[in-house]
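These notes are about the structure you will find just below.
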Amino acid sequence: MPSKDPLDELEEVLGPAGLLTDPIDLARHTEPFRGPRGATPAVVRPSSVEEVREVVRWARRHRQRLLPQGANTGLVAASTPPPTGGPATVVVSTDRLAGDLRVDPVDRAAVVGAGTRLSALEAAAAPHGLTLPIDLGADPSIGGMVATNTGGARMLRHGDVRRHVLGVRAVVADEGCTVVDELTTLRKHNNGPSLSQAFVGSSGAFGIITDVAVELEALPAARACAWVIPVGDDQALEALLLLERGYGTWLEAFEVVSREALAAGLPLSDAARPFGEREPELAVLVELSGRADVEDRLVEALADLFDAGLLEDAVVADAGRAWLPRHGISEGLRRLGTVVGSDVSVPRPALPRFRRVARERVAERFPGAIVADFGHWGDGGVHCNVVLPDGAGAEEVAAVRELVLGLAVREFGGSFSAEHGIGPVNADWWRATVPPATRALVEGMKQLFDPLGVLGHPGLPFGG
């Protein structure tokens with residue numbers, strides 16, 4: 001008599017909707033935004049905390065690797081399973097962990113299922129005049145945002161996801177498949193170490209997040225945006241400092257965009273060309289938010305920048321349409337060739353020089369490559385994307401990444417991951433740059449939460 005397929009055990013627990021095995025159904029869970037397609041025998045879709053525990057119990061019993069997956073919008077290969085030939089990895093989708101979404105306008109907080117999309121939370125919060133102010137080009141799940149500690153374009157003012165997490169509920173893979181339940185909206189809850197923070201930035205290696213409590217902020221009465229052309233990249237940094245000194249918390253975003261990056265984003269938004277047919281070497285998207293008179297403040301700020309000799313040109317733009325070319329960059333770059341994306345940060349004083357040196361080094365080593373850098377200079381972040389011709393080999397891709405990350409980390413004292421989190425793409429950099437004592441402590445936490453090593457992408461440096 002043939003032995004029972006282990007997946008049949010899951011279907012008995014989760015029902016037909018909780019287990020996907022058809023290749024058509026699996027496709028959207030194995031195709032990343034950037035990088036090679038992965039392979040999985042199945043996608044499991046638990047709909048409750050107890051079902052998540054059953055899945056983890058099953059994984060421990062069969063020594064089966066589980067990959068927690070939110071909206072699959074990650075860019076470091078941690079949200080999709082390895083390609084065919086790698087370890088068999090079952091995807092645990094949080095799609096069905098999205099039914100419970102509670103917004104408390106008095107508490108200015110929300111409790112959501114891990115699978116809840118950012119757009120759904122925003123839609124629920126907006127009628128109360130509230131928002132989770134993490135502005136992204138994608139529509140991730142809240143659990144995925146916590147697991148990667150997402151930053152975004154408004155981190156300058158509002159910080160990253162870690163700053164907004166009040167509490168987490170998660171299932172770990174210890175012997176008892178413990179539910180770590182710190183799901184609270186209390187802000188003053190100083191009762192010892194917070195295990196919730198252990199899951200922030202863990203890339204799903206420590207546990208499967210099922211619910212999240214987040215602090216919301218008031219929607220501003222109005223926003224005002226302008227695209228400006230700085231005299232040079234040094235002047236762009238000076239403009240940031242002047243705006244911070246003069247306008248404080250009114251300054252919501254300061255996005256520095258190269259000519260190549262802006263050109264890539266424009267075909268998706270031709271009607272929103274900020275400077276008509278002109279293509280400046282560098283442009284900056286400035287956003288202020290606050291009271292209804294915010295546009296007057298923006299005009300005043302632009303006048304200050306002109307008076308200081310920092311700008312060549314400026315165009316006040318509709319606050320909604322102004323972001324179209326910025327958010328179209330990543331999609332636009334994909335049409336130009338093989339994108340080698342590097343998400344780095346450096347100390348703010350070094351931003352102009354880092355940009356110049358990176359472009360010079362890439363031009364020297366990789367003639368014909370397109371450097372399309374853009375970033376959140378307010379928090380020191382730079383997406384230093386290099387586009388190679390289609391068909392570029394893995395060795396060339398690796399060499400480009402080594403050049404850019406090595407420059408940021410070794411020569412400029414920066415980080416190899418400003419906001420994209422940790423995944424197989426940058427695992428070696430984690431091993432090489434994180435101090436040995438820290439690595440040992442992280443690995444000890446992994447052993448505590450997941451002693452059999454069944455959680456997280458097998459390519460994670462702390463994946464077990």
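The values are calculated or read from the model by the stated rules, or taken from the named source; none is laboratory data. These numbers come from a predicted model, not from an experiment. Neighbour counts are summed over all protein chains in view; Cβ atoms, including those assigned to glycine, are modelled from backbone coordinates with ideal geometry. To get the accessible areas, we keep the full protein, side chains included, count just its heavy atoms, and leave off ligands, DNA and RNA. Shrake-Rupley method; radii C 1.70, N 1.55, O 1.52, S 1.80 Å.
Can you name every residue in the stretch 108-159 that is closer than 16 Å to G70 by Cβ, open to solvent by 20 Å² or more (accessible area, probe 1.4 Å) and aliphatic (A, V, I, L, M)?
A120, L136, A138, listed by residue number.
Cβ-Cβ under 6 Å, sequence separation 6+ or interchain: first residue in the stretch 343-371 and of a type in the set (F, W, Y), partner surrounded by 18 or more Cβ atoms within 10 Å (Cβ to Cβ). Which pairs?
Cβ pairs passing all conditions: F354/V346; F354/F412.
Of the numbered conditions (1) out of contact with any Pro (no Cβ under 7 Å at 6 or more places or on another chain); (2) modelled with pLDDT under 90, R154 satisfies every one except a single condition; which is it?
Of the numbered conditions (1) out of contact with any Pro (no Cβ under 7 Å at 6 or more places or on another chain); (2) modelled with pLDDT under 90, the odd one out for R154 is (1).
The rows are residues; the columns are (1) in contact with a Leu (Cβ under 9 Å, 6 or more places away or on another chain); (2) closer than 30 Å to G391 by Cα; (3) of a type in the set (G, A, S).
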site: A283; (1), (2), (3): yes, no, yes
site: V299; (1), (2), (3): no, no, no
site: R326; (1), (2), (3): yes, yes, no
site: E331; (1), (2), (3): yes, yes, no
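Within the set of pairs 6 or more residues apart or between chains, which connect a residue that is more than 15 Å from F374 (Cα to Cα) inside the stretch 219-241 to a residue that is among the polar types (S, T, N, Q) with Cβ atoms less than 6 Å apart?
Matching pairs, first to second residue: L219/T131; P220/S289; R223/S289.
G144: under 16 Å from the mean Cα position of the chain (by Cα) and not in a loop (DSSP other than H, G, I, E, B), yes or no?
yes
Of the residues V214, V228, V299, V286, which is in a helix (DSSP H, G or I) and either open to solvent by less than 30 Å² (accessible area, probe 1.4 Å) or out of contact with any helix residue (DSSP H, G or I) (no Cβ under 7 Å at 6 or more places or on another chain) (or both)? Full working, then the answer.
On the way: V214 fails: in a helix (DSSP H, G or I); V228 fails: in a helix (DSSP H, G or I); V286 fails: in a helix (DSSP H, G or I).
So the residue among V214, V228, V299, V286 that is in a helix (DSSP H, G or I) and either open to solvent by less than 30 Å² (accessible area, probe 1.4 Å) or out of contact with any helix residue (DSSP H, G or I) (no Cβ under 7 Å at 6 or more places or on another chain) (or both) is V299.
With open to solvent by 40 Å² or more (accessible area, probe 1.4 Å) and in contact with a helix residue (DSSP H, G or I) (Cβ under 9 Å, 6 or more places away or on another chain) as the only criterion, which of R61, R53, R65 stands out?
R61
Answer with yes or no whether L351 is at pLDDT below 90 and surrounded by 15 or more Cβ atoms within 10 Å (Cβ to Cβ).
The answer is no for L351.
Keeping to the stretch 67-100, report how many residues are modelled with pLDDT of 95 or more, more than 22 Å from H420 (Cβ to Cβ) and among the aliphatic types (A, V, I, L, M).
2
Would you mind telling me which numbered condition in (1) on the phi > 0 side of the Ramachandran plot; (2) open to solvent by 50 Å² or more (accessible area, probe 1.4 Å) G456 fails?
(2)
Could you check P68 against (1) in contact with a His (Cβ under 7 Å, 6 or more places away or on another chain); (2) part of a strand (DSSP E or B); (3) farther than 20 Å from D8 by Cβ and say which number it fails?
Single failed check for P68: (1).
Select from the stretch 244-261 the residues that are over 26 Å from the mean Cα position of the chain (by Cα) and under 19 Å from V316 (Cα atoms) and write down the one among them that is most open to solvent (accessible area, probe 1.4 Å).
For the stretch 244-261, the residue satisfying everything is G246.
Quick one: is H383 part of a loop (DSSP other than H, G, I, E, B), under 21 Å from the mean Cα position of the chain (by Cα) and under 27 Å from V146 (Cα atoms)?
no
Exactly one condition in (1) buried (at least 16 other Cβ atoms within 10 Å of the Cβ); (2) modelled with pLDDT under 95 is not met by R335; state its number.
Unmet condition: (1).
Restricting attention to the stretch 160-183, which residues are more than 30 Å from V284 (Cβ to Cβ), without any contact (Cβ under 8 Å) to a residue 60 or more places away in the chain and open to solvent by 30 Å² or more (accessible area, probe 1.4 Å)?
L166, G176, T178, D181, E182
Does any residue of the stretch 358-370 turn out to be assigned to a loop (DSSP other than H, G, I, E, B), open to solvent by less than 30 Å² (accessible area, probe 1.4 Å), under 21 Å from G35 (Cα atoms) and touching a Ser or Thr at 6+ places or on another chain (Cβ under 9 Å)?
no
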